[in-house]
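To start, the structure under review is shown below, and the notes come after it.
The values are calculated or read from the model by the stated rules, or taken from the named source; none is laboratory data. Since the structure is predicted, the reported quantities are computational estimates derived from the model, not experimental observations. Note: ideal-geometry Cβ built from the backbone for every residue, glycine included; neighbour counts use all protein chains shown. Just so you know, the surface numbers come from the protein's heavy atoms only, side chains and all, with ligands and any DNA or RNA stripped out. Shrake-Rupley method; radii C 1.70, N 1.55, O 1.52, S 1.80 Å.
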Amino acid sequence: MTNLIEIKQLKKYFPIYRGVLLRRHVGDVRAVDGVDLSIQQSSTLGLVGESGCGKSTLGRCILRLIEPTEGKIIFDGRDITSLKSHELRDLRRDMQIVFQDPQASLNPRMAAGKIIGEPLDVFKLGDKSGRHEKINELMEMVGLDPAMASRYPHEFSGGQKQRIGVARALALNPKFIVCDEPVSALDVSIQAQIVNLMQELQEKLNLTFLFIAHDLSVVRHISDWIAVMYLGQIVELAPTEMFFANPSHPYTQVLLKSIPIPDPDAPAEYAPLKGDPPSPAAPPSGCRFHTRCPKRFEPCDKIPPVPVLIENNHTVACHLYSRGITK
Ligand code: SF4
């Protein structure tokens, strides 16, 4: 299968300045720090990690909504890393985003139909009746009654608002969508409906997704591949089945134990991750996870681990594997 997205050594540093007049550059927040990833055509890569680990920044860098500091982004065989803003315009049609908070991402003063059709207006696609037809078609596609097109966002439930956000993202027939925690702000009962909708749309429209979440249980059913991110770096990457059959990085293992099991008779495996992640402005030396890792050993605080292949297509960045130690 061919890759729709390839990113190579991608970095995004946000500079920190001190002083009002002189504005001295005193450091950087290393939100994304040397990420290599690829996403195959018509597949979903689930990207998981705690809040603040750089997942959303990575998604926005791929879309060129924010400028990467270094690295390369190849989209559909074309290097888009240094395209100028006017060259990005056409690209916007192919790459879209669904935001986390449907409440905040929809203009409260615009009716649903207007929100969904806005990208068509911006790109001046079709005439009035053509746009009207397209809006109806998009609403049906995401499970909304087109008769609701004149209603305002506050008249919809959380799940319906997210369906409006999905319909808007689909308006320009994109190839690739960054789904930035699209279900995190929704009730658990609604989350599965939206995940199922995304899955159906993917099959129907041949879409490619980067699906960002902080919870592995959310991405499990929709993802073909899973990448785990910690403090700006990918620490484990594998096809979903292999990932869950053999979760290998100590951070992944702790993340899995942090998922509460809704069964009082289940074995007591639940063990939430302790402490907050260190600041990406001053990441720990060596392995960035060493300050919280239950398996750290001698070289971990000094030498940064590099990703190693532990089985076909399964990479892990941890000294336990690069040094052949199994614990
Ligand atoms: Fe833990 Fe060391 Fe592996 Fe980092 S390299 S995850 S500290 S064992």
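Annotations
- Complete set of residues in the stretch 49-71 that are farther than 22 Å from PHE289 by Cβ and either open to solvent by 40 Å² or more (accessible area, probe 1.4 Å) or not assigned by TED's automatic domain parsing to the domain that holds ALA281 (or both): ARG60, LEU65, ILE66, GLU67, THR69, GLU70
- Here ILE74 fits the description: surrounded by 15 or more Cβ atoms within 10 Å (Cβ to Cβ), of a type in the set (A, V, I, L, M) and touching a residue at least 60 places away in the same chain (Cβ under 8 Å).
- Candidate set: the stretch 286-305, residues that are in a loop (DSSP other than H, G, I, E, B) and open to solvent by 70 Å² or more (accessible area, probe 1.4 Å); chosen: the one nearest to the ligand (Cβ to nearest atom): ARG296
- So VAL26, is it in the same structural domain as VAL228 (by TED's automatic domain parsing), of a type in the set (A, V, I, L, M) and within 22 Å of ALA238 (Cα to Cα): no
- Within the stretch 227-251, the residues that satisfy the criterion of being surrounded by 23 or more Cβ atoms within 10 Å (Cβ to Cβ) and part of a helix (DSSP H, G or I) are PHE243, PRO250, TYR251.
- Long-range neighbours under 7 Å by Cβ, at least six apart or interchain, first residue not assigned by TED's automatic domain parsing to the domain that holds ILE16 within the stretch 279-306, second of a type in the set (A, V, I, L, M) and near the ligand (Cβ under 6 Å from one of its atoms): LYS295/LEU320
- Checked against (1) part of a strand (DSSP E or B); (2) surrounded by 17 or more Cβ atoms within 10 Å (Cβ to Cβ), GLY27 meets all criteria but (2).
- Residue count for the stretch 78-124 satisfying the condition of being part of a helix (DSSP H, G or I), open to solvent by 20 Å² or more (accessible area, probe 1.4 Å) and within 21 Å of ILE212 (Cα to Cα): 6.
- Number of the exception - TYR152 against (1) more than 22 Å from LEU210 (Cα to Cα); (2) open to solvent by less than 70 Å² (accessible area, probe 1.4 Å): (2)
- Once the stretch 33-77 is narrowed to residues that are charged (D, E, K, R) and assigned to a strand (DSSP E or B), the residue that is nearest to ALA238 (Cα to Cα) is ASP36.
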